[in-house]
Amino acid sequence: MKLLQSISGHNRFVLRAIGRRYFAGYSAEEYARKNYANNESEYNTVINSLTAQRRHYLLRDVYDDMMVDGVKPERDTFHSLIIGTMKGSRLQDAFFFRDEMKAMGLIPDVALYNFLISTCGKCHNSDQAILLLEEMKRYGVKLTGQTYVCLLNACAALGRLDRVLPIVKEMTAGGLGLNRFCYAGLITAHRNRIPLSDDVASKIIELVEQSKGWASVDRSKTTAENVMMGITDEELYNMPTAEYVRRRGGFVNRLLTVYHVAFHALADLANVEAMEALWDMLRKDGQLPDIFILLQIMRCYLYSGDIDRGQQIFEDYMSSGKAPVPELYVTLTEGAMRGYTAKGMQLAQDTLVNMNSRNFFLSPKQGNDLLLAASGEETGGFTTANLIWDMMQARNFIPSLPAVEAYYNGLKRREIPEDDERLTLVSRTLENLRARRFSGPFPQS
């Protein structure tokens, strides 16, 4: 019994490698033909490649193949795996790799815990983030400024001011100044609080004003690793600019982080008065809106029902001589569809046609989001949803299951013959996606 416990405990890796290699059912020749990596270095290359391609759902398969091959993953491999799950917001996979790492006698370091806490934030699970903090203290892992900021923003994602404020208090008591990402987290916490407070907009404006004297949280050695692994601060702390921060052409001015989060929050709230006050504050600071902020200004006007002013922001930018970006078209289209008014749906359709004529194309994610939104139109000709579907088909994009379900239901609400070519194609696509939910390749998203 002690021998079995020893094998399944300290040498769990040996048990898995032996068991899976010899019961896999492949001959030596078949196995060699199917193999795509032979050592840890090659597996690391595969892991990093999948992460770069956003195929994060395959990381568990790669790890299983490492076990079959008898290749023992080291600390760097686990870092790459957990970074991949963080980027893909796959919390269950992240904790699986954490547990595997510990089972092999490798204690996670502070950088890895930061990645795990960040993943909790992306997946809106602040309870697990708090448990990770307690685990760090049990193992004697020294907390850094990055740890606190990750935790703050993870709790802010759920509007947990009751957790965010004690974190801020602990930071300041420990001599850590609040940087722009801390103020961004405080704004996010107020925005996501349930129920919203009556003075949420004024709180956001107040925090932006307070942030102008922000101090830098200590820069620990993990910062260098983050840079080496291609992780920006915006991504680590789950800022709304994370997916745009590497874009050139003035898309994101990284010094305006607090403004980015504030404009984004006020656009969600459709609070035009507060947004315009914030815009005036930005002007007084001698700053011009970057493209991300312009998108939020457009959203705010459109979400409030002021289609004309939202469209005017778009046209002012297009006539400024600056390089157009597809996000401007997508934001105008999505915002115009709010409320499904005849005027808004026509503007959305015209914007998509204009976008296509300028040789800008929807990404899979943009197409899915717009198709899902357009499919909610209860009355009318369903022209905008049909156009988005056709644009995705032209690019050979397979929409996500929720988007196809919504589009199919929208078609069924219309008087369309059962043998209609479009309805038949959508129905077949829906059946295929449902069949592939638990098996086969994943659809694009």
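The values are calculated or read from the model by the stated rules, or taken from the named source; none is laboratory data. Values in this document were obtained by computation on a predicted structure and should not be read as measured data. Glycine also receives a Cβ, built like all others from the backbone with ideal geometry; neighbour counts cover every protein chain displayed.
For LEU158, state whether it is under 22 Å from the mean Cα position of the chain (by Cα), in a loop (DSSP other than H, G, I, E, B) and more than 21 Å from LEU255 (Cβ to Cβ).
So LEU158 fits the description; yes.
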Item checked: Which listed residue, of ALA111, ALA157, ALA94, is without any contact (Cβ under 8 Å) to a residue 60 or more places away in the chain and within 19 Å of ALA242 (Cβ to Cβ) -> ALA94
Item checked: helices (runs of 4 or more DSSP H) fully within region 59-145 counting 2 or more residues that are over 22 Å from GLY230 (Cβ atoms) and of a type in the set (S, T, N, Q) -> 126-139
Notebook entry, point to check: Name the pairs whose Cβ atoms lie under 8 Å apart, with the first residue in region 255-271 and closer than 20 Å to LEU178 by Cα and without any contact (Cβ under 8 Å) to a residue 40 or more places away in the chain, the second surrounded by fewer than 24 Cβ atoms within 10 Å (Cβ to Cβ) and polar (S, T, N, Q), and 6 or more positions between them or separate chains?
Noted result: LEU256/GLN287
Margin query: Being touching an Asp or Glu at 6+ places or on another chain (Cβ under 7 Å) and not aromatic (Phe, Trp, Tyr) narrows it down to one residue among LEU256, LEU269, LEU278; which is it?
Written below: LEU256
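Among the helices (runs of 4 or more DSSP H) contained in region 233-342, which hold 2 or more residues that are among the acidic types (Asp, Glu) and modelled with pLDDT of 95 or more? Even if it seems obvious, please write down each step before you answer.
On the way: elements: 233-236, 257-269, 272-284, 291-303, 307-318, 326-336.
Where helices (runs of 4 or more DSSP H) fall fully within region 233-342 and carry at least 2 residues being among the acidic types (Asp, Glu) and modelled with pLDDT of 95 or more, they are 233-236, 272-284, 307-318, 326-336.
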Check: Scanning for something of a type in the set (D, E, K, R), free of Cβ contacts under 8 Å to residues at least 40 places away in the same chain and touching a helix residue (DSSP H, G or I) at 6+ places or on another chain (Cβ under 7 Å), does region 288-296 turn up at least one residue?
Finding: no
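Could you list all residues from region 97-108 that are under 13 Å from TYR63 (Cβ atoms), surrounded by fewer than 24 Cβ atoms within 10 Å (Cβ to Cβ) and free of Cβ contacts under 8 Å to residues at least 60 places away in the same chain?
Within region 97-108, ARG98, ASP99, GLU100, MET101 meet the criteria.
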Check: VAL46: among the β-branched types (Val, Ile, Thr), farther than 29 Å from ALA157 by Cα, in a helix (DSSP H, G or I) and in contact with a Leu (Cβ under 8 Å, 6 or more places away or on another chain), yes or no?
Finding: no
